[in-house]
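These notes are about the structure you will find just below.
The values are calculated or read from the model by the stated rules, or taken from the named source; none is laboratory data. Just so it is clear, the structure is predicted and the values come from calculations on it, not from any experiment. Neighbour counts run over all protein chains shown; Cβ positions are idealised from the backbone, glycine included. These accessible areas exclude ligands, DNA and RNA; they are computed on the full protein's heavy atoms, side chains included. Shrake-Rupley method; radii C 1.70, N 1.55, O 1.52, S 1.80 Å.
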Amino acid sequence: MKAALDKERFGPWALVTGASSGIGKEFARQIAAAGINVVLVARREGLLAELGRAISQEFDVQYRALAMDLSQEGFIAGLADATHDIDIGLVVSNAGTGNPGEFLKHDRQLLKETLRLNTMSHLDIAHHFGARLTKRRRGGLILVGAMGAENGIPCMANDGGAKAYVHSLGEALHFEFKPLGVCVTVLAAGVTDTAVLGKFGLDPKTMPMKPMSVEQCVSEALDGLSKNRSRVVPGRMNRILNALVPVSLSRKMLADLLGKGLANKSAPANARAGSSE
């Protein structure tokens, strides 16, 4: 499942942050499949280089692997310098991390560092590359958020609040950039089958609703961008839940899911092994 991307509109280069795994990695693959060269940005240089070589061979595109920590203030200067000589027509701002758990049990400094990555990196990227995209009068920007962020996500209060900022920023820029020829789409992803689930103590095999594949999530996001939709909630069931389930019930469902996952993760191994649940 891959979306068709207009190479003339969104090429010849695309930039993807958080590209070393999960949703970011799949964005890089599907964009490369459209014949668009990719700039891969994340902290883990080895994984970026491995991905770059693989998609270059499979799809006959060029790549650049840039190992950067986007939580560090001032990163945008280095990223701008490393990409100033190429024509970037698509930017996927996907870098971020989550720290599941009760708000008061987290170290405040960790919360601040996470907030910087989950908000300021999107701001810097949208501002710098937004100027480049609007100057060329065509292209696209995808900001990756999370379904339900505006409602508050218990056990992910800080991270959900950051995603709510990303959603608001992206929807506003959709309106501002549209007359300038640039598409802006917010991806409000639901629960997706990535390695991050393990961080939450969740097992895709035992979850009440099967997580979405990264292929479907990314394909729907790119299709929405091509149609210049302000927001994409991938997955029919996710859209139904998002539209029909009251906010209070949705929040409780998320709290129950994350709470059980975290409780299972923190339980002693022998206790989990002896459980019948």
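Carbon and sulfur: what percent of the chain's accessible surface (1.4 Å probe)? Can you show the working numbers first?
On the way: 7250 of 13660 Å².
After summing per-atom areas, the C and S share lands at 53 percent.
Cα centroid distance between region 69-111 and region 113-146, in Å?
Each part reduced to its Cα centre gives a spacing of 10 Å.
With the chain treated as a Gaussian network of Cα nodes joined by springs under 10 Å, which of Ile88, Ile23, Ile240 yields the largest mean-square fluctuation?
Among Ile88, Ile23, Ile240, the largest mean-square fluctuation in the Gaussian network model of the chain belongs to Ile240.
Which residues' amide hydrogens lie under 5 Å from the amide hydrogen of Val91, considering only partners 5 or more residues apart or on another chain, with H built in the peptide plane?
Counting only residues 5 or more places away or on other chains, the set is Leu15, Gly140, Leu141, Ile142.
Before I look further, what does region 139-261 give for accessible area per residue, probe 1.4 Å, in whole square angstrom? Please report the intermediate quantities before stating the final value.
Details: 5620 Å² over 123 residues.
Solvent-accessible surface per residue comes out at 46 Å².
Working with all protein chains in place, sort His122, His106 by solvent-accessible area computed with a 1.4 Å probe, largest first.
Working: His122 0, His106 45 Å².
Solvent-accessible surface, decreasing: His106, His122.
Which value, in debye to the nearest 20, describes the size of the charge dipole of region 17-170 about its Cα centre when Lys and Arg Cβ atoms bear +1, Asp and Glu Cβ atoms bear -1, and nothing else is charged?
That gives a dipole near 300 debye.
Using a Förster distance of 41 angstrom, determine the FRET efficiency expected from the C-beta separation of Ala263 and Glu8, and round it to 0.05.
Values: r = 51 Å, r/R0 = 1.25.
E(calc), rounded to 0.05, equals 0.20.
If you plug each phi of region 41-47 into the Karplus form 6.51 cos²θ - 1.76 cosθ + 1.60 with θ = phi - 60°, what whole-Hz ³J(HN,Hα) values come out, in order, with x for Gly and Pro?
Ordered by residue, 3J(HN,Hα) equals 10, 5, 7, 8, 4, x, 5 Hz.
Check Arg64: other-chain or 5+ apart residues with amide H under 5 Å from its amide H, H built from backbone geometry?
For Arg64, whose amide H was placed from the backbone, the distant partners under 5 Å are Val38, Val39, Leu40.
Taking the chain as the reference, fit the longest principal axis to its C-alpha atoms, fit the long axis of helix 22-33 to the helix C-alpha atoms, and give the angle between the two in degrees, 0 to 90, nearest 10.
With rounding to tens, the tilt is 30 degrees.
Name the residue farthest towards the positive end of the dipole of region 1-128 from the options Asn37, His106, Ser71, assuming +1 on Cβ of Lys and Arg, -1 on Cβ of Asp and Glu, about the Cα centre.
His106
Relative contact order of the chain: what whole-number percent is it, with Cα pairs under 8 angstrom and at least 6 residues apart?
Numbers: 478 pairs, mean separation 51.0, N = 277.
For the chain, the relative contact order is 18 percent.
If R0 is 41 Å, what FRET efficiency do you get for Ala33 and Thr206 from their C-beta distance, rounded to 0.05? Each step should come with its number before you reach the end.
Values: r = 33 Å, r/R0 = 0.79.
Efficiency, rounded to the nearest 0.05: 0.80.
Can you list residues whose amide H is under 5 Å from Ala189's amide H, if they're 5+ apart or on another chain and H is modeled 1.01 Å from N?
So Ala189 has HN proximity to Gly145, Ala146, Met147.
Output ³J(HN,Hα) for region 4-14: one whole-Hz value per residue in order, computed from phi by the Karplus curve 6.51 cos²θ - 1.76 cosθ + 1.60 with θ = phi - 60°, and x for Gly and Pro.
In residue order, the calculated couplings are 7, 10, 6, 5, 5, 7, 10, x, x, 10, 10 Hz.
In the Gaussian network model of the chain, springs joining C-alpha atoms below 10 Å, which of Gly170, Gly78, Gly145 carries the largest mean-square fluctuation?
Fluctuation is largest for Gly78.
Hey, in the GNM for the chain with a 10 angstrom Cα cutoff, which one of Lys112, Lys205, Lys178 fluctuates hardest?
In the Gaussian network model the winner is Lys205.
Quick one: order His174, His84, His167 from most to least accessible surface, probe 1.4 Å. Numbers along the way, then the final one.
Details: His174 25, His84 125, His167 0 Å².
Result of the area sort, largest leading: His84, His174, His167.
Going by the alpha-carbon gyration tensor, a ≥ b ≥ c the square roots of its eigenvalues, is region 52-146 rounded (a/c under 1.5) or, if a/c is not under 1.5, prolate (a/b greater than b/c) versus oblate?
Details: a/c = 2.21, a/b = 1.70, b/c = 1.30.
It is prolate, given that a/c is not under 1.5 and a/b is the larger ratio.
Of Ser168, Asn228, Val247, which is farthest on the positive side of the dipole of the chain, counting Cα position, with +1 on Lys and Arg Cβ, -1 on Asp and Glu Cβ, and the Cα centre as origin?
Positive-end residue among those listed: Val247.
In debye to the nearest 20, how big a dipole does the chain give about its Cα centre with +1 on each Lys and Arg Cβ and -1 on each Asp and Glu Cβ?
Details: 33 positive and 27 negative charges, 102 e Å.
Magnitude of the dipole: close to 500 debye.
If you plug each phi of region 83-88 into the Karplus form 6.51 cos²θ - 1.76 cosθ + 1.60 with θ = phi - 60°, what whole-Hz ³J(HN,Hα) values come out, in order, with x for Gly and Pro?
Those phi angles translate into 10, 5, 9, 10, 8, 8 Hz.
At what distance in nm do the modelled label points of Met253 and Lys105 sit from each other, each positioned 7 Å from its Cα along Cα→Cβ?
For Met253 paired with Lys105, the spin-label model returns 2.5 nm.
Round to the nearest 0.05 the FRET efficiency obtained for Ala49 and Glu215 when R0 = 22 Å and r is the Cβ-Cβ distance. Working shown, then result.
Details: r = 23 Å, r/R0 = 1.03.
The pair Ala49/Glu215 has a calculated efficiency of 0.45.
At a Cα cut-off below 18 Å, give the aspartates and glutamates reachable from Lys112, other chains included and same-chain residues fewer than 8 away excluded.
Asp69, Glu73, Glu102, Asp124, Asp159
Please give the solvent-accessible surface of Asp203 in Å², to the nearest 10, using a probe radius of 1.4 Å with every protein chain present.
It works out to around 70 Å².
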